[in-house]
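A short worksheet on the structure shown next.
The values are calculated or read from the model by the stated rules, or taken from the named source; none is laboratory data. What you see is a predicted model, and the numbers here were worked out from it, not measured in a lab. In this analysis, Cβ positions are derived from the backbone assuming ideal geometry, glycine residues included, and neighbour counts consider all displayed protein chains. For the accessible areas, the whole protein counts, side chains as well, though only heavy atoms, and no ligand, DNA or RNA atoms are used. Shrake-Rupley method; radii C 1.70, N 1.55, O 1.52, S 1.80 Å.
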Amino acid sequence: MTHTKILIAILALFTAANSALKPTDGAITPQDNKSVAVFKTTPQGDLKMNLYFPKDWKSTDHRPAIVFFFGGGFVSGSPVQFTTKAEYFASRGMVAASAEYRIGNKHHTGPEKCIEDAKSAVRWLRINARNLGVDSGRVVAGGGSAGGTDAAFAGYNTTYEPEGEDMSISSRPDALVLYNPALGFGETTNLPPEQAKLRDFITAWKVTNGGPPAILFFGTDDNLLAGARVFVRQMIEAGNRAEFYTAAGQKHGFFNDRGGTPWHAVVLRQTDIFLSSLGFLKGHPTIPLPADTHAALTKELP
């Protein structure tokens with residue numbers, strides 16, 4: 001084998017062993033206002049983006065976009081968690097998405113890959129904005145629990161960056177929608193080594209002035225509440241917009257669409273109002289308030 005062929009073979013192996021964003025192959029053609037695209041190839045497998053489009057969508061549009069990341073402690077979970085919320089925001093005129101990312105149980109990777117893949121997803125939406133009918137200057141990231149951490153870190157962490165991507169295209173979202181994200185524990189000492197390592201990881205955010213505005217939702221019985229208060233307090237001190245809502249007596253994951261719970265609609269409606277205030281949506285929320293009048297959010301200062 002010649003030196004040239006050996007070099008080509010080595011380069012091929014190197015490329016195969018690394019992750020890479022995958023551009024869309026021309027225009028998207030949704031079926032029933034939905035589409036699925038591979039947005040990233042990794043050594044552990046392809047990652048898919050579930051896309052949801054408004055009924056009157058055209059590839060020449062310049063619509064705001066929102067991408068959601070599922071929860072599961074960086075170990076488990078599925079994009080299906082955010083299907084209902086993505087479909088709702090598509091009905092409100094946004095290009096919505098629910099993205100895969102690498103997780104421990106399936107891909108045998110650590111939480112840092114979750115953050116890298118979330119940043120890749122935001123960057124992918126911008127790279128393919130023309131084919132997706134998206135305004136690259138209005139890309140929102142959201143998620144629940146670990147997925148909320150992914151979204152927050154896309155906005156406020158520079159430690160975990162995807163390798164080999166075009167850094168001139170920003171992976172920072174223009175706004176954040178965070179449903180009980182893991183951003184730190186309460187005043188906990190003497191943690192076992194694994195929990196101490198996780199604590200160090202989920203507190204690796206750094207609020208900077210001029211960062212994306214954020215809305216956060218928590219149940220008052222969520223043990224991650226204290227860490228989020230620190231994040232919001234630093235957001236406000238830095239001059240960034242942050243809205244913080246709590247649900248009395250609710251635990252972690254209260255926002256999910258399950259079993260007829262009224263909280264899904266309450267949280268979704270408040271998210272709509274927040275995005276409208278930023279100019280990403282127009283008109284009033286189309287999801288009605290539930291009949292259960294006890295399901296009411298409290299806007300707090302952290």
For this session: Tell me which of these residue 235 doesn't satisfy, since it passes every other one: (1) open to solvent by less than 10 Å² (accessible area, probe 1.4 Å); (2) free of Cβ contacts under 8 Å to residues at least 40 places away in the same chain; (3) not in a helix (DSSP H, G or I).
Result: (3)
Exercise. Say we look at region 264-284 and pick out the residues that are open to solvent by 20 Å² or more (accessible area, probe 1.4 Å) and among the hydrophobic types (A, V, I, L, M, F, W, C); which of these is nearest to residue 68 (Cα to Cα)?
Worked result: 280
Seminar exercise, completed: So, first residue open to solvent by 20 Å² or more (accessible area, probe 1.4 Å) and at pLDDT 95 or above in region 239-250, second residue outside any strand (DSSP E or B) and not hydrophobic (A, V, I, L, M, F, W, C), Cβ within less than 6 Å, six or more apart or across chains; the pairs are 239/209; 241/213; 248/220
Exercise. Only one residue in 118, 96, 154 is assigned to a strand (DSSP E or B), open to solvent by less than 10 Å² (accessible area, probe 1.4 Å) and either within 16 Å of residue 211 (Cβ to Cβ) or free of Cβ contacts under 8 Å to residues at least 60 places away in the same chain (or both), so which one is that?
Worked result: 96
For this session: Go through (1) among the small types (Gly, Ala, Ser); (2) surrounded by fewer than 19 Cβ atoms within 10 Å (Cβ to Cβ); (3) touching a residue at least 60 places away in the same chain (Cβ under 8 Å); (4) not in a loop (DSSP other than H, G, I, E, B) one by one and return the number of the condition residue 226 breaks.
Result: (3)
Exercise. What are the residues in region 133-148 that are under 17 Å from the mean Cα position of the chain (by Cα) and either assigned to a loop (DSSP other than H, G, I, E, B) or among the small types (Gly, Ala, Ser) (or both), if any?
Worked result: 136, 137, 141, 142, 143, 144, 145, 146, 147, 148
For this session: Kindly indicate whether residue 121 is in contact with a Ser or Thr (Cβ under 9 Å, 6 or more places away or on another chain), modelled with pLDDT of 95 or more, closer than 22 Å to residue 45 by Cβ and of a type in the set (A, V, I, L, M, F, W, C).
Result: yes
Exercise. Restricting attention to region 207-221, which residues are under 17 Å from residue 170 (Cα atoms) and not β-branched (Val, Ile, Thr)?
Worked result: 209, 210, 211, 212, 213
Problem set entry | Cβ pairs under 8 Å, 6+ apart, first in region 57-72 and among the charged types (D, E, K, R), second part of a loop (DSSP other than H, G, I, E, B) and open to solvent by 30 Å² or more (accessible area, probe 1.4 Å) | 63/57
Problem set entry | Residues of region 24-51 satisfying the condition of being in contact (Cβ under 8 Å) with a residue 24 or more places away in the chain, part of a loop (DSSP other than H, G, I, E, B) and touching a strand residue (DSSP E or B) at 6+ places or on another chain (Cβ under 9 Å) | 24, 28, 30, 33
Exercise. Among the residues of region 78-87, is any in a strand (DSSP E or B), over 27 Å from residue 194 (Cα atoms) and modelled with pLDDT of 95 or more?
Worked result: no
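Which of the following residues is surrounded by fewer than 20 Cβ atoms within 10 Å (Cβ to Cβ), of a type outside the set (S, T, N, Q) and under 13 Å from the mean Cα position of the chain (by Cα): 130, 172?
Step by step, each of 130, 172 is checked, and only 172 is surrounded by fewer than 20 Cβ atoms within 10 Å (Cβ to Cβ), of a type outside the set (S, T, N, Q) and under 13 Å from the mean Cα position of the chain (by Cα).
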For this session: Taking residue 138 as the residue in question, decide whether it is more than 16 Å from residue 49 (Cα to Cα), touching a residue at least 24 places away in the same chain (Cβ under 8 Å) and touching a strand residue (DSSP E or B) at 6+ places or on another chain (Cβ under 6 Å).
Result: yes
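Being of a type in the set (Phe, Trp, Tyr), open to solvent by less than 10 Å² (accessible area, probe 1.4 Å) and in a loop (DSSP other than H, G, I, E, B), is that true of even one residue in region 101-112? So that I can check it myself, show each step before the final result.
Of all residues in region 101-112, those of a type in the set (Phe, Trp, Tyr) come to 101.
Filter once more, so that each one left must be open to solvent by less than 10 Å² (accessible area, probe 1.4 Å): 101.
When the remaining residues are screened for being in a loop (DSSP other than H, G, I, E, B), the result is 101.
Within region 101-112, one or more residues are of a type in the set (Phe, Trp, Tyr), open to solvent by less than 10 Å² (accessible area, probe 1.4 Å) and in a loop (DSSP other than H, G, I, E, B).
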Exercise. Of the residues that make up region 200-213, is at least one more than 25 Å from residue 81 (Cβ to Cβ) and modelled with pLDDT under 95?
Worked result: yes
Seminar exercise, completed: Scanning region 175-207 residue by residue, those exposed (fewer than 14 other Cβ atoms within 10 Å of the Cβ) and either of a type outside the set (A, V, I, L, M) or within 16 Å of the chain's Cα centre (by Cα) (or both) turn out to be 186, 187, 188, 189, 190, 192, 193, 194, 195, 197, 200, 206
